[in-house]
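Bear in mind that the values in this text are calculations on the coordinates, not laboratory data. In this text the structure is predicted, and so the values were computed from the model without any measurement. Neighbour counts are summed over all protein chains in view; Cβ atoms, including those assigned to glycine, are modelled from backbone coordinates with ideal geometry.
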């Protein structure tokens with residue numbers, strides 16, 4: 001046999017997968033049963049295997065942030081005011097509403113202002129989610 005014939009014999013079969021395309025790393029993710037079934041249904045509708053669908057969604061999907069820095073600050077302010085309201089309610093039960101009604105009215109006025117600011121600052125879209133290609137039709 002000549003050298004050329006030997007090289008032709010070795011060239012048969014599937015070509016080796018490049019390093020970029022080879023899937024060598026894995027990630028474990030747990031889903032609830034309903035979420036898992038929903039993913040399986042979406043993968044079936046997209047005519048993909050479940051692993052392919054999840055991989056494509058993870059790499060090509062877009063995570064939409066639910067809150068910006070301004071809305072987070074407003075939410076923290078609301079949490080503090082809710083704590084104040086609980087303390088005033090407890091004090092009103094102990095001493096009577098006539099001693100705390102001025103504080104309660106002032107707190108309610110401030111709460112209305114902050115809720116108005118929050119409504120103006122919050123985005124109109126869904127708070128959190130992943131953009132999916134099949135939903136874009």
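Tally time: how many residues in the stretch 79-100 are in a loop (DSSP other than H, G, I, E, B) and within 14 Å of residue 112 (Cα to Cα)?
Residues that pass the stated criteria total 0.
Looking at 66, 61, can you tell me which residue is surrounded by 10 or more Cβ atoms within 10 Å (Cβ to Cβ), within 30 Å of residue 109 (Cβ to Cβ) and in contact with a strand residue (DSSP E or B) (Cβ under 9 Å, 6 or more places away or on another chain)?
Residue meeting the stated conditions: 66.
Every residue in the stretch 32-78 that is within 20 Å of the chain's Cα centre (by Cα) and not in a helix (DSSP H, G or I), please.
Of everything in the stretch 32-78, those that are within 20 Å of the chain's Cα centre (by Cα) and not in a helix (DSSP H, G or I) turn out to be 32, 61, 62, 63, 64, 65, 66, 67, 68.
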